[in-house]
Amino acid sequence: MRRKLFGAIVAICIGWFQAEAFTAGFIKSPMSQMKLIEDSAELDCEVIGNPIPEVQWWFIEGEEPDETVTQLFDGAREDHVRINATYIHHATSTLFLTNLMLNDTGIYECRASNDPDRNDLRTPPKVKWIRSQANVIVFEYANVMTDPPVVSNQTNATLSCNLTNPPSPIKGHYWTRNGKIIDKSDSTSDSAYIEYRIEKVDYHYAGIYECVFKSEPQANATIEVKALPHVVAYKHSENANEKDKAALVCVSHGYPLPTDWNWFKVNEVGGKDPIVNGTNNDKYEIKNTPNKTTLYVKDLNIEEDMGVYECHGTSDVGKAQDKIQLRVRSQLAALWPFLGIVAEVIILVTIIFIYEKKRKPDEITDDDDSGAAPLKSSTATNHQDKNVRQRNSN
């Protein structure tokens, strides 16, 4: 009786397990890639199944019947192969290939299985694996010949690029300047030789130019276009109060930016006295960045610090400068507008007082004259009325 009951329970458990279990299936397969030498590649593989499947990576090199198949593991190929796998709700595995070489070209295969006998070669069928493959093709860097390699301090220039070994058919090309695509430079031409004309080489058009060929992978090369730096004062006239601190600022545009900044003060005879950071009892402080320089003049003095200052920026192409006029006002300068308003009020009050003083006697004379004049009376009128009544009575 007990044996029958135990057998029934085992049968029920086996049936339940078979109902819930299901074979492995891919929910994400690795994608084929084209890479350049010394680049890296990443292949992803995700598999579901119950129980959770095991995932393996294999490398297939060559073609049948001479192809060779090698299993990859974490740290293979002198640590150029890294494998990261997790088995939580389903199997996830990522294959990282670093510092790619030409012999890394081949087929990379993701294998998965949840068959309990998958690794037992004696039990038929020997292996139950599902497979998904991706091609990784490694190219040498394309050879792009540029002419000229560098443009330095010229009035105009024609840039050209020649792709001598396209890795794949060319589907077009374009030019960039400082990483931004140049308007109207994008083309669908399959030509391996392209040009770009710069009519005026100045700080507006200087920079790093790049020709880009639309191939797989893309081929590109850079050309440096250099011009004299453009140095300009942020404000050509600066006003500050005595005892305060003034900040004189110059900025630069173009390529290359200045590597050295210098400040000078124009003296009375037209010469230039250099200003060094921290000189004159720390009166001067200079702060520089590649595209900006700031001179701080502390504890301003009207007689010593007022004048013209020059900022000079120097790059490997040349030098440029600009001037700033520093005006120092007295500490009492802020009181002058107030004193002017007070003076105006005093003058206005004085004028009104004088006017009223002169006008008062005239008004008294007028009052006396009006009092002395005889006043009109209604007596005459009364007499006339009285006479009229008397005539009527007769």
Check your understanding: Would you pick out the residues in the range 303-315 that are surrounded by 14 or more Cβ atoms within 10 Å (Cβ to Cβ) and not in a strand (DSSP E or B)?
Key -> Asp305, Met306, Ser315
Revision key, fill the gap. All conditions in (1) within 31 Å of the chain's Cα centre (by Cα); (2) crowded, with 19+ Cβ neighbours inside 10 Å; (3) in a strand (DSSP E or B) are true of Glu238 except (2)
**Study point:** Matching residues in the range 140-179 - criterion: being under 19 Å from Gly254 (Cα atoms), hydrophobic (A, V, I, L, M, F, W, C) and surrounded by 15 or more Cβ atoms within 10 Å (Cβ to Cβ)
**Key:** Val151, Ala157, Leu159, Trp175
Review point. Does Ser132 satisfy the criteria of being modelled with pLDDT of 95 or more, polar (S, T, N, Q), under 30 Å from Ile60 (Cβ atoms) and surrounded by 12 or more Cβ atoms within 10 Å (Cβ to Cβ)?
Key: yes
**Study point:** Residues located in the range 241-280, provided they are touching a residue at least 24 places away in the same chain (Cβ under 8 Å) and hydroxyl-bearing (Ser, Thr, Tyr)
**Key:** Ser252, Tyr255, Thr259
Practice item. Among the residues of the range 75-129, count how many are more than 38 Å from the chain's Cα centre (by Cα), farther than 22 Å from Glu63 by Cα and not acidic (Asp, Glu). Key: 22
Exercise for review: Search the range 52-64 for residues that are on the phi > 0 side of the Ramachandran plot and pair each with any residue that is loosely packed, with under 14 Cβ neighbours inside 10 Å and part of a strand (DSSP E or B) when their beta-carbon atoms are under 9 Å apart and the residues are at least 6 apart or on different chains.
Suggested key: Gly62/Thr68
Review point. Given Lys386, Lys358, Lys376, which one is out of contact with any His (no Cβ under 9 Å at 6 or more places or on another chain), modelled with pLDDT under 95 and part of a loop (DSSP other than H, G, I, E, B)?
Key: Lys376
Check your understanding: Residues of the range 202-235 being within 22 Å of the chain's Cα centre (by Cα) and among the small types (Gly, Ala, Ser), which ones?
Key -> Ala206, Gly207
Exercise for review: Select from the range 266-292 the residues that are touching a Leu at 6+ places or on another chain (Cβ under 9 Å), open to solvent by less than 50 Å² (accessible area, probe 1.4 Å) and closer than 18 Å to Lys235 by Cα and list them in ascending order.
Suggested key: Ile286
Exercise for review: Scan the range 66-94 for residues that are open to solvent by less than 50 Å² (accessible area, probe 1.4 Å), over 16 Å from Pro53 (Cβ atoms) and either touching a residue at least 60 places away in the same chain (Cβ under 8 Å) or not in a helix (DSSP H, G or I) (or both) and jot them down.
Suggested key: Leu72, Gly75, Val81
Exercise for review: Identify, by number, the condition in (1) open to solvent by 70 Å² or more (accessible area, probe 1.4 Å); (2) assigned to a loop (DSSP other than H, G, I, E, B); (3) touching a strand residue (DSSP E or B) at 6+ places or on another chain (Cβ under 9 Å) that Leu121 doesn't meet.
Suggested key: (3)
Point to revise | Conditions (1) closer than 21 Å to Tyr196 by Cα; (2) assigned to a strand (DSSP E or B); number of the one not met by Val251 | key: (1)
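The values are calculated or read from the model by the stated rules, or taken from the named source; none is laboratory data. This one's a predicted model, so the numbers in the text were calculated from it and none came from an experiment. For neighbour counting, all protein chains shown are included, and Cβ atoms are generated from backbone atoms with ideal geometry for every residue, glycine included. Surface areas here come from the heavy atoms of the whole protein model, side chains and all, with no ligands, DNA or RNA. Shrake-Rupley method; radii C 1.70, N 1.55, O 1.52, S 1.80 Å.
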